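A.B. asks: Questions regarding the structure given below will be posed in turn.
The values are calculated or read from the model by the stated rules, or taken from the named source; none is laboratory data. Just so it is clear, the model here is predicted, and its values are computed rather than measured. Positions of Cβ are backbone-derived with ideal geometry, glycine not excepted, and every protein chain shown enters the neighbour counts.
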Amino acid sequence: MNVNEVDGFLTSFVRRHRLILDRVSYLQTQTLELALAVSVSQHYALAGFTISTVNPRGNAFVVKTSTRGHPASYSRFVVSRSASSYEINMNLLVRSAHDDGIYCVDLAVTREGKVPTSTQPPKWICLTNDDLITFAEAKKLVIYPMLIAQFIGIVHEISPQFLGNPSLSGLTRSGHFPPTLVCLGYYSGTSQSIVSSLYRRGIRLQIVPDFDTKLAQLRRGDQTSPFNTYRSASRRSRPI
């Protein structure tokens, strides 16, 4: 992980929004998760959304770094365009699409107002599955075949609508992205071949390698979102 590039990306964000990062542990995994949240907010900004933050402590951006804690005690982003508004939450518990299972995703894009802003009753358990728009996971790893298989399994449990030859035209027109796994490493073994085959297999998700490099490009003014790789990858993967 290029710590300097990631820290530079986060510092730029803090200065623009005049925020203070509260209780950020500079362990690499937690820093990566924060960079994921900020970069997703920038994805929406590039798609024409207005970005704001909801902070429980004034101008202190309070980072959620684990499954523990009520989401109302931590900061979130609100992204708005025309009459549509959504929220970006870190380490959010989400109900399974199939049963009563509950999973924690590194980042969740949700319908606005579905994650409480108060710790008062009723007791918070998790986000209902219907209120999840999309999600992202971050790994400090190279991309290897079993990692891809594990991520496909997560998508199956939480957002199975992205499997089985679905269309993403409405999703991308709305400015959203399909479930995405970002990694600091490169493709290893046969992993790139697997990712290239996903489109023709009806699997609509993204795998983004070299994520710290893409954050550095964003910080330097690149107008291409790291979460727009699906479109070019899908065109390359269509069968002739």
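A.B. asks: Within the stretch 42-55, count every residue that is in a loop (DSSP other than H, G, I, E, B), touching a Phe, Trp or Tyr at 6+ places or on another chain (Cβ under 9 Å) and touching a residue at least 60 places away in the same chain (Cβ under 8 Å). Lay out the reasoning, then the answer.
C.D. replies: We begin by selecting, within the stretch 42-55, every residue in a loop (DSSP other than H, G, I, E, B); these are 47-49, 55.
With the extra rule that they be touching a Phe, Trp or Tyr at 6+ places or on another chain (Cβ under 9 Å), the set shrinks to 49, 55.
Checking which are touching a residue at least 60 places away in the same chain (Cβ under 8 Å) leaves us with 49.
So the answer is 1.
A.B. asks: How many residues are among the polar types (S, T, N, Q) and at pLDDT below 90 if we restrict to the stretch 54-68? I'd like the intermediate steps shown before the answer.
C.D. replies: Going residue by residue through the stretch 54-68, those that are among the polar types (S, T, N, Q) are 55, 59, 65-67.
Next, only the ones that are at pLDDT below 90 stay: 59, 65-66.
Selection size over the stretch 54-68: 3.
A.B. asks: Just one of (1) touching a residue at least 40 places away in the same chain (Cβ under 8 Å); (2) farther than 26 Å from residue 98 by Cα; (3) not polar (S, T, N, Q) trips up residue 203, so point out which.
C.D. replies: Among (1) touching a residue at least 40 places away in the same chain (Cβ under 8 Å); (2) farther than 26 Å from residue 98 by Cα; (3) not polar (S, T, N, Q), residue 203 violates only (2).
A.B. asks: Separate question: Residue check: is residue 194 closer than 14 Å to residue 152 by Cβ, part of a helix (DSSP H, G or I) and either at pLDDT 90 or above or out of contact with any Pro (no Cβ under 9 Å at 6 or more places or on another chain) (or both)?
C.D. replies: Numbers: closer than 14 Å to residue 152 by Cβ: yes; part of a helix (DSSP H, G or I): yes; either at pLDDT 90 or above or out of contact with any Pro (no Cβ under 9 Å at 6 or more places or on another chain) (or both): yes.
Taking the combined requirement at face value, the residue satisfies it.
A.B. asks: While we're here: Could you please let me know if residue 31 is of a type in the set (S, T, N, Q) and part of a helix (DSSP H, G or I)?
C.D. replies: Values: of a type in the set (S, T, N, Q): yes; part of a helix (DSSP H, G or I): yes.
Spelling it out, residue 31 is indeed of a type in the set (S, T, N, Q) and part of a helix (DSSP H, G or I).
A.B. asks: While we're here: Grab the strands (runs of 3 or more DSSP E) fully contained in the stretch 97-185, keeping just those with 1 or more residues being within 13 Å of the chain's Cα centre (by Cα) and surrounded by fewer than 19 Cβ atoms within 10 Å (Cβ to Cβ).
C.D. replies: So the answer is 102-111, 132-139.
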